[in-house]
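J.: My structure is below; once you've seen it, I'll send some questions.
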Amino acid sequence: MSRVPATSADVRAAGLALPEATERPAWDMACLRVRDKIFASMPPDGTWVAIRLAEGENHGLAAERPAVFSVPQHYRNSSMVVVDLAVVDRDELTELLIEAWRLRAPARLRAAFDAAPGAQPRR
């Protein structure tokens, strides 16, 4: 099976398909939010996306697959990981965005999402 690279349009499509997800810019970046909490951000050139993950998961991904994931200096004290869209698979990107959304969404919204038909399984 061949890998399908992701695009900035894929980031928006997957992120904005999640319940109550919106896009509002900050710091010259397109920021995906749930109830005004940022779960992903992308620069104007759309070559990468920063995704909020569970504490420490960002450094683990960056160590395991540095061609796809990185933690730049300005994110070193956060849980954000930078994902190179040219090399990440679309399905993996979608899973990461769902995980990030879950970390920021309120419990009732997560529960409603999980109860919906066809809901994505938790990782």
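Just so it is clear, none of the values below were taken in a lab; they were calculated from the coordinates. The shown structure was predicted, so the numbers you read here are calculated from the model rather than taken from an experiment. Every residue, glycine as well, gets a Cβ built from its backbone with ideal geometry; the counts of neighbours run over all protein chains shown.
J.: Return the calculated 222 nm mean residue ellipticity for the chain, to the nearest 500 deg cm²/dmol, obtained by summing -39500 (n - 2.57) across DSSP H runs with n ≥ 4 and dividing by the residue count.
T.: -10000 deg cm²/dmol
J.: Moving on to the next point. Note down the relative contact order for region 1-120 as a percent, whole number, built from C-alpha pairs under 8 angstrom at least six residues apart. Show your work: numbers first, answer last.
T.: Numbers: 197 pairs, mean separation 33.9, N = 120.
It comes to 28 percent, rounded to a whole number.
J.: Loop-only check: which trypsin sites (Lys or Arg not before Pro) in region 1-43 are DSSP coil with at most 13 other Cβ within 10 angstrom?
T.: Answer in residue order: Arg3, Arg35.
J.: What's the Cα-based Rg to Rh of the chain, Rh via Kirkwood?
T.: Reported Rg/Rh, Kirkwood definition of Rh: 0.94.
J.: Would you mind giving the average projected area, over all directions, of the Cα convex hull of region 32-95 in nm² with one decimal?
T.: 4.6
J.: Show me, for region 16-28, the HN-Hα J-couplings you get by feeding each phi into the Karplus relation (A = 6.51, B = -1.76, C = 1.60, θ = phi - 60°), rounded to Hz, glycine and proline as x.
T.: Once rounded to whole Hz, the list reads 6, 6, 7, x, 6, 6, 9, 10, 8, x, 7, 6, 6.
J.: Rounded to whole Hz and in sequence order, give me ³J(HN,Hα) for region 34-50 from the Karplus expression 6.51 cos²θ - 1.76 cosθ + 1.60, θ = phi - 60°, writing x for Gly and Pro.
T.: Each residue's phi maps through the Karplus curve to give 10, 6, 6, 9, 6, 10, 7, 9, 9, x, x, 6, x, 8, 8, 9, 9 Hz.
J.: Obtain the nm distance between the two label points defined at Ala107 and Ser78 by a simple spin-label model: each point lies 7 Å from its Cα along the Cα-to-C-beta direction.
T.: 2.7
J.: What is the calculated FRET efficiency for Glu92 to Ala17, with r their C-beta to C-beta distance and R₀ = 22 Å, to the nearest 0.05?
T.: 0.85
J.: Can you list the HN-Hα couplings for region 52-68, worked out from phi with the Karplus curve (6.51, -1.76, 1.60; θ = phi - 60°), rounded to whole Hz and with x for Gly and Pro?
T.: 7, 10, 5, 3, x, 5, 4, 5, x, 5, 5, 6, 6, 9, x, 6, 10
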